[in-house]
Amino acid sequence: MNLSRKIKIILSFAALLTFASCSVWQNFTTYFNLWYNIKTLFNEAEKDITSQKRDLFSNEPLVLSNTARNNLTKVVEKCSELLQFHSTTAYVDDALLILGKSFYYQSNFQKAKRKFEELLATNPDEDITLEADLWIAKCDMQLRNYSQGLAALKKVRQEALEIGIDNILNESFIEEIKYRIAQKEFDTAINLTKEFSEAVSDDEIKALVYYEIGNLYYQTKSYENAVVYYQKVFEYSPDIDTEIKASIKYGKALRESGKAEEAVNFFSDLRKKDKFSESLAEIDLELGKSYAAMGDYTTSLEQFTKVDTTYKGSPFAALASFEIAKLYKDELMNYDSAAIYFSRTVMNNPPKEYLDEAKNLNQLFTRYSTLRRIINSYDKQLYYAENPDIFTRDSTEYVQDSLKILQDYLEKKELADIWKSALTSTIIDTTKKDSLFVRDSLFYQDSLAIVDSLTKASAFIDTAVVNRLLNEKMQIRIQQKKREADAKLSQEMQALMKTDTVKFKNNPPQKPKITVDSLKTLLSKNRLELGNLFFTELNVPDSAKQLYLEITDKFSDTRYYPDALLALGSYYQTVNENQKADSLFKIIYDNYKDRPIVNAAANKLGLPLIDLKYDPAEELYVQAESEMKKGNYDESFRKFFEIYKKHPESQYASKGLYAAGFILENNLRLADSAASVYDTLIRKYPSSLYVKNIAMKVNIYKQEKARIEREKQEALLNKDEKKDTANVTELAFLGNKEEEIPEEEIKKEEELIINQNIKNEETIKPTKRKLERLWNPRKLKR
């Protein structure tokens, strides 16, 4: 080998060594400057995330702690720095993998997927490639690319099974099962979970998977299968948390599968085991539910009450209140107690999965309590209104009882005042005596102790020091005795202070402040609402029927009567008494065609719907107008006035009164009767269009009438002052003259006959003043 060739080989080898040493040095410096910190921060963050207590197949989003969030932010910054300035080191692949995971944990799935794809582009090792494929599939599932993600998960699972990478295999199963559960594809999820249990080799994970299969069966109410798989958990090596949860779920599944007695025995045995001491609240709650499932409601109530009082403030105490309320509602039919416990449940903050149901039931039973209280109060008032003698008797008895309570109170108060003064002086004297006794006894005992100690120790002791110590000790004992005496005095005083208030009986008799008709209307309204509550919400149709019957029997003259008929008919339909139901619906259809409820009855009967805009007064008005055109003014007036009498709420009532007054004024020439009708129109319908046309004339009429009345009174006064002188000749002439009836007297007689019907409703004072002609109502725009 010549010299030049040797030199080339030496130079080449030197260059190779130099390059290799540079690469090693760069890896070395990168590790200590960046990679070590990246790895440490990421491991801490991932440990914090994975340590969260979550079900294996939970779809709840990750909740990052502040520490984990800050660590991940630092990891992203340092990984970016490594990839930018140290792209030739051996840590690039691992940095890309960690960077992608960090983005995933931060819920930035698009960036995470991009980093995993960049990692695959570097052609990493087989293990890293498979892990990157898994995380890309997980990103697709989060980005809702479900078909693409599911296909990738299946491929990753097959490869992981072949290679034997357990963690990737487990993750691929878990990710797909979570998706199936979220989509409520429970059968597919169960089959996939069973496949997962066969593929997993770790006993602890296998026990956890069996527990989740049991949960899936429990969720789908296949309780017998749930029992089987909860039992399988104990055949492997579950951790303590899984064992406790599986045991409690096993007992619940037993109860739900109809084996309540076996569940009671199982939960009773669990209570005796030390490992379940932290779960006694939940076990006692489930034990109460199991007693209820057996039909032993007394023991169940005792068990729930025990949980409510023993574990007060815990979620299980709130759930115990909830179970007590449901027991009173569904089994014991004690709705007042149920209302109390539903309210207590809401105040105790139950778990969020029960909160909405508890709030809804609390609102429902609050309505029940309110309606029941109102009905009781109005029933009592109505009873007193209809029986005033009983009200007087009860009021008298209440006053007598109150006076007796007051007298007893005053006697106790007087005695309490006497004892207060006596007790105070006695305790003070006792305190002084006790203090002297304590001082003397202490001095005697301590002196003996000192003598004994002096005898034993032949050393000289200063007596002044001894006396000072004895005095200090005596003062301490005296103060202690005084504090005990003060405490006793305070307790006695508190007991006596209870007599400082007088308590009378609640709910004194009260006389109703509203009319009997108003009371009946309110009672029928609230009874109807309570009946509907029983019928539609509480599903107690018999109680609803009783309330509906009370309305139809006692309050048939109220406006809620047809509503009660419809509700009662609906009840009869539910118990297949269709004939009774149809008869009630027919009453509504025939008699209440002016109310919306008529069409509800029409739908029940299959009859034509009623036009609710129909006004029966319209037909009467047309008839009256026709008689007016024919010149039959008496009949026309009668029909117009009849509209007001029969349909006072109709829009034609005011129009009919105006037309009736117009006929009296202009056709029949009965001005005073017309004024009376107009006055009724003004008082009953002050906002009517027709009032504007007659208000001024009626006002003038009243003023003129008042003036005439004043003149009459003045004339009578003047007449009394004059002497009554009569000419005999004139009297004789008048006596021979035939008696004639003036035309004015004839008209006045006719007016009195027509006004007879009007005077039954309205008080009309006659007048001879004739009003001027008013305008024709037929010319009004309709």
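The values are calculated or read from the model by the stated rules, or taken from the named source; none is laboratory data. Remember, predicted model here, so these are calculated numbers, not experimental data. Counting neighbours? That spans all protein chains shown, and the Cβs are built from the backbone with ideal geometry, glycine included. Remember, those area values only see protein heavy atoms, side chains included, never the ligands or the DNA or RNA. Shrake-Rupley method; radii C 1.70, N 1.55, O 1.52, S 1.80 Å.
Computed quantities for the displayed model
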item: Qualifying positions in segment 63-78 - surrounded by 14 or more Cβ atoms within 10 Å (Cβ to Cβ) and at pLDDT below 90; result: Leu64, Lys78
item: Matching entry among Ser197, Ser201 (being open to solvent by 70 Å² or more (accessible area, probe 1.4 Å) and of a type in the set (Gly, Ala, Ser)); result: Ser201
item: Residue in segment 624-637 that is within 58 Å of the chain's Cα centre (by Cα) and either loosely packed, with under 14 Cβ neighbours inside 10 Å or free of Cβ contacts under 8 Å to residues at least 24 places away in the same chain (or both) present; result: no
item: Qualifying residue in segment 677-684 (condition: modelled with pLDDT of 85 or more, surrounded by fewer than 24 Cβ atoms within 10 Å (Cβ to Cβ) and not in a helix (DSSP H, G or I)); result: no
item: Answer residue from segment 371-409, given it is under 28 Å from Leu530 (Cβ atoms) and of a type in the set (Lys, Arg) and is surrounded by the fewest Cβ atoms within 10 Å (Cβ to Cβ) among those; result: Arg373
item: So Asp284, is it without any contact (Cβ under 8 Å) to a residue 40 or more places away in the chain and touching a Lys or Arg at 6+ places or on another chain (Cβ under 7 Å); result: yes
item: Helices (runs of 4 or more DSSP H) wholly inside segment 307-413 containing at least 2 residues that are of a type outside the set (A, V, I, L, M, F, W, C), more than 23 Å from Ile248 (Cα to Cα) and under 17 Å from the mean Cα position of the chain (by Cα); result: 335-347, 352-386
item: Test: residue in segment 160-183 that is in contact with an Asp or Glu (Cβ under 9 Å, 6 or more places away or on another chain), surrounded by fewer than 18 Cβ atoms within 10 Å (Cβ to Cβ), part of a helix (DSSP H, G or I) and acidic (Asp, Glu); result: yes
item: Single unsatisfied condition, Asn265 versus (1) in a helix (DSSP H, G or I); (2) within 33 Å of the chain's Cα centre (by Cα); result: (2)
item: Check on Glu619, of a type outside the set (Ser, Thr, Tyr) and surrounded by fewer than 17 Cβ atoms within 10 Å (Cβ to Cβ); result: yes
item: From Ser277, Ser343, Ser290, residue being of a type in the set (S, T, N, Q) and closer than 23 Å to Thr366 by Cα; result: Ser343
item: Of residues in segment 264-281 being in contact (Cβ under 8 Å) with a residue 24 or more places away in the chain and farther than 22 Å from Ala318 by Cβ, the one surrounded by the fewest Cβ atoms within 10 Å (Cβ to Cβ); result: Lys275
item: Selected residue (only one of Leu119, Leu82 is touching a helix residue (DSSP H, G or I) at 6+ places or on another chain (Cβ under 8 Å), in a helix (DSSP H, G or I), in contact (Cβ under 8 Å) with a residue 40 or more places away in the chain and among the aliphatic types (A, V, I, L, M)); result: Leu82
item: Selection from segment 299-337 of residues that are of a type in the set (Gly, Ala, Ser) and either under 14 Å from Glu357 (Cα atoms) or open to solvent by 50 Å² or more (accessible area, probe 1.4 Å) (or both); result: Gly313, Ala318, Ser321, Ala325
item: Where Gln142 falls short, out of the listed (1) among the polar types (S, T, N, Q); (2) in contact (Cβ under 8 Å) with a residue 24 or more places away in the chain; (3) open to solvent by 60 Å² or more (accessible area, probe 1.4 Å); (4) farther than 20 Å from Asn108 by Cβ; result: (4)
item: Complete set of residues in segment 542-570 that are under 29 Å from the mean Cα position of the chain (by Cα), polar (S, T, N, Q) and surrounded by fewer than 20 Cβ atoms within 10 Å (Cβ to Cβ); result: Ser543, Gln546
item: Residues (farther than 26 Å from Gln142 by Cα and outside any helix (DSSP H, G or I)) located in segment 85-108; result: His86, Ser87, Thr88, Thr89, Ala90, Tyr91
item: Enumeration of residues in segment 105-139 that are closer than 16 Å to Ser172 by Cα and not β-branched (Val, Ile, Thr); result: Asp127, Leu130, Glu131, Ala132, Asp133, Leu134, Trp135, Ala137, Lys138, Cys139
item: Matching entry among Ala226, Ala292 (being touching a residue at least 24 places away in the same chain (Cβ under 8 Å), part of a helix (DSSP H, G or I) and in contact with a Phe, Trp or Tyr (Cβ under 8 Å, 6 or more places away or on another chain)); result: Ala226
item: Criterion violated by Phe19 - all others in (1) among the hydrophobic types (A, V, I, L, M, F, W, C); (2) part of a helix (DSSP H, G or I); (3) modelled with pLDDT of 85 or more satisfied; result: (3)
item: Hits in segment 47-77 (condition: β-branched (Val, Ile, Thr) and either in contact with a Leu (Cβ under 9 Å, 6 or more places away or on another chain) or in a helix (DSSP H, G or I) (or both)); result: Ile49, Thr50, Thr67, Thr73, Val75, Val76
item: Subset of segment 642-654 [open to solvent by 10 Å² or more (accessible area, probe 1.4 Å) and in contact with a Lys or Arg (Cβ under 9 Å, 6 or more places away or on another chain)]; result: Tyr644, Pro648, Ser654
item: Single unsatisfied condition, Ala246 versus (1) closer than 28 Å to Ser279 by Cα; (2) open to solvent by 30 Å² or more (accessible area, probe 1.4 Å); (3) aliphatic (A, V, I, L, M); result: (2)
item: Residues (over 15 Å from Asp542 (Cα atoms), open to solvent by less than 70 Å² (accessible area, probe 1.4 Å) and part of a helix (DSSP H, G or I)) located in segment 571-594; result: Ala581, Asp582, Ser583, Leu584, Phe585, Ile587, Ile588, Tyr589
item: Residue in segment 95-110 that is surrounded by the fewest Cβ atoms within 10 Å (Cβ to Cβ), counting only those that are under 22 Å from Asn59 (Cβ atoms) and of a type outside the set (Gly, Ala, Ser); result: Gln110
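Yes/no matrix, rows are residues, columns are (1) under 22 Å from Ala90 (Cβ atoms); (2) modelled with pLDDT of 50 or more; (3) open to solvent by less than 100 Å² (accessible area, probe 1.4 Å); (4) among the charged types (D, E, K, R):
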position	(1), (2), (3), (4)
Gln26	yes, no, yes, no
Phe32	yes, no, no, no
Leu41	yes, yes, yes, no
Glu46	yes, yes, yes, yes
